[in-house]
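What follows is a short report on a single structure.
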Amino acid sequence: MRQCDTIVHRGPDSDGVFVDGDFGFGMRRLSIIDLPGSDQPIFSEDGRHAIVFNGEIYNYRALRDELTGLGHRFCTSGDTEVILAAWRQWADAAWQRLDGMFAVAIWDRASRCLTLARDRIGIKPLYYSWQNGTLAFGSELKTLLVLRHLRFDPEPRAVHDYFSFGHVRGPRSIYAQVAVLPPGHLLRLDQDAQLERPAFWQPRYQPSPTRSLDEWTEAFRTRWLEAVRSQMVAADVDVGAFLSGGVDSSAVVAAMAKQSDRPIRTFTIGFAERAYDEAPYAEAVARHLGCVHRTLTIDPQKAWKVLPQIQRAYDEPFADPSAVPTWYLSELAANEVKVALSGDGGDELFFGYKRHLTERRVGQLSPAVRSGMRGFAELPPSPFPPLNRVLQRWQKTARSAGLPSGAARFFSKTQITSPALRRRLFAGTLLDGRDGDEAVIALADEYYPDPTAISADGLEQFAMADLQLNLPSAMLTKVDRASMAHSLEVRVPMMAQSIVSLALTMPADIKLRNGTGKYPVRAAVAPWLPVGILDRRKQGFQMPVGEWFRGDLDGFAREVWRDSGVASAGYLNVEAIETLFAEHRIGRRDHGRVLYALSIFCLWWQGQAAF
């Protein structure tokens, strides 16, 4: 099957294809559990059902024991066969029992029905296209793009998403004919060629005020150790960890070290620019915990050289600059281990971003004050370039302050470009007119027509959008593509069922306490880590893109803009782009993120020719 050939990187160890009349599916396997015995597809005992599966189920041994007691017999010792038996036993109730990350396809040979399922948080990707009575699906867009009988037209709405947020918001993809199966959803195709897409899980805040702060802290510590332990032992290969020296990655490695009888292999990326370099903090944690640690320092030349590879791995434009260090981090780790644990998800679950603190403070202001702040957002650039970065940050907050809900403020606050800038970029193009005053409210209404159904608390409304939209569309996408491009499996213990359920019942003012996000997480792991390591300001996986695009990457960005053909594609105003380059070069505005987004979009546009 040609589709399997496009994703050899996701599974270099084996492949398998099954064809049943006008239906067929296949997979590429990265062998982690039951190395010699769980090649896919796997079939049920009676041969009626076939399954292919990408991901890992960490509680598969307990499920296997339960299913054995119910009369099921197993031919393998892996997790794929357990998923199939669980589904046959409990039908769609089985998906709630799986603690792990998964994209699953099950074919019923008797009824000729197909079931697709994606894990609750969206750790593993699943794209599909329904055209002319044909359903095609795959883990990456490239599996679909090789199907020549299907159409793939760039979607203007998705392009607008991209230049607004730096990525395409699910369930859209960059192509009008392709969608992303939302997290926690099924897709069923019956014998009458009817599609349905029900949810099997939706996150809900159900705060419980019955515990004290100390009890919440201890509850997290207990569940955290178990979550990390289960993800370490559900593997027949070596397991390492990404380590930045921040709260979440340090919590992962500390929990691993407490439960391992040998040193943990840890990996980090550093930068020559000290303001962006977290490597010393990671190295301090690694020394404290006795890890075998590796650090790789990257510079603009490394970034420039790898951008075309990165864009090919993502298939659609993806403008988070931290994809570059994530790419190199995955390559570094893949040289030594086959599985790495990561701290992703802690900020979304436990309100760890600065934007969560800002939302709490803005939400406490009166409506009149918040409305009055919007005028500040329209101030012109300062004549003093060093003030512009601060001005842009405050203008983003002011622009969002007057919006009517936490959900609406989320869409405003997470934009990488201002509406005013987009109006310049899109003037006279296919995207013109999409950034009026009501655009953000309309977008919030599309995803969250009744924000009070999430919570009466604006902070919880804001954070739920972070969890449901940003996490799967941005953070988890970034890590999945970069790691799987190097045949490395990355696991995220923060997304364990027990941790997610705890976070959804924890009151907002416990998570964000006295101006400090992830308060119980910090308190739980602080005794395991060097003194003071958790006290520093959150940095994240940032890159000095502003500086780089005034230096080594400026020529690259201009060349790819000139040569890609995007200038004549009808999406961007050519004069406005030239002004963007000029403003950034002289320091009048910091357009580093926008220029990175432009460069990636141009690389994507060029790459379409390959299909």
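Annotations
- Net charge, residue 551 excluded, C-beta distance under 12 Å - Lys, Arg +1, Asp, Glu -1: -3
- Span per principal axis, largest first, for the Cα atoms of the chain (Å): 75, 59, 47
- For the chain, relative contact order (Cα pairs under 8 Å, six or more residues apart, normalised by length) works out to 16 percent.
- Rh by Kirkwood over Cα pairs, then Stokes-Einstein D for the stretch 242-383 at 1.002 mPa s and 20 °C, µm²/s: 119
- Applied to the stretch 251-262, the Karplus parametrisation 6.51 cos²θ - 1.76 cosθ + 1.60 on θ = phi - 60° returns per-residue 3J(HN,Hα) values of 5, 4, 5, 5, 5, 5, 5, 5, 10, 10, 9, 9 Hz, with x for Gly and Pro.
- For the stretch 477-611, the alpha carbon convex hull comes to 222 Å³ per residue, rounded to a whole number.
- Dimensionless Rg ratio for the stretch 552-611, taking C-alpha atoms and the 2.2 N^0.38 Å reference: 1.10
- Ligands, DNA and RNA are left out, and with a 1.4 angstrom probe the accessible area of the chain is 39 Å² per residue.
- Computed log₁₀ I(q)/I(0) - Debye formula, equal Cα scatterers, no solvent, the stretch 168-281, q 0.21 Å⁻¹: -1.09
- Segment residue 111-residue 199, extension gain: residue separation times 0.36 nm, minus the distance between their alpha carbons: 29.5 nm
- Considering only the Cα atoms of the stretch 140-191, their convex hull presents on average a projected area of 4.7 nm².
- Charged side chains reduced to their Cβ positions (Lys and Arg at +1, Asp and Glu at -1) give the chain a dipole of some 1380 debye around its Cα centre.
- Bridge type composition, the chain - antiparallel percent by DSSP, nearest 5: 70
- Mean projected area of the Cα convex hull of the stretch 199-240, taken over all directions, amounts to 5.1 nm².
- Expressed as a fraction of 2.2 N^0.38 Å, the value expected for a compact globular protein of N residues, the C-alpha radius of gyration of the stretch 110-169 is 1.35.
- With 20 Å as the limit, the listed pairs 142/478; 302/354; 305/354; 302/478 have 302/354; 305/354 beyond it between alpha carbons.
- Scaled radius of gyration (Cα, divided by 2.2 N^0.38 Å) that the stretch 91-135 gives: 1.31
- Close amide H pairs (under 5 Å, H built 1.01 Å from N) link residue 100 with 58, 497, residues at least 5 positions away or on another chain.
- Binned Cα-Cα distance frequencies in the stretch 431-488 - 5 Å width, integer %: 4, 16, 17, 17, 15, 13, 9, 7, 2
- Using bins of 5 Å that start at zero, the share of Cα-Cα pairs per bin across the stretch 1-156 amounts to 1, 9, 18, 23, 21, 15, 8, 4, 1, 1, 0, in whole %.
- Kirkwood radius, the stretch 121-219, all distinct C-alpha pairs, inverse of mean reciprocal distance: 16.1 Å.
- Computed log₁₀ I(q)/I(0) - Debye formula, equal Cα scatterers, no solvent, the stretch 391-488, q 0.13, 0.14, 0.18 Å⁻¹: -0.56, -0.63, -0.91
The values are calculated or read from the model by the stated rules, or taken from the named source; none is laboratory data. Just so it is clear, the structure is predicted and the values come from calculations on it, not from any experiment. Reconstructed Cβ throughout: ideal geometry from the backbone, glycine too, with neighbour counts over all protein chains shown. Just the protein is used for accessible areas: all its heavy atoms, side chains included, with ligands, DNA and RNA removed. Shrake-Rupley method; radii C 1.70, N 1.55, O 1.52, S 1.80 Å.
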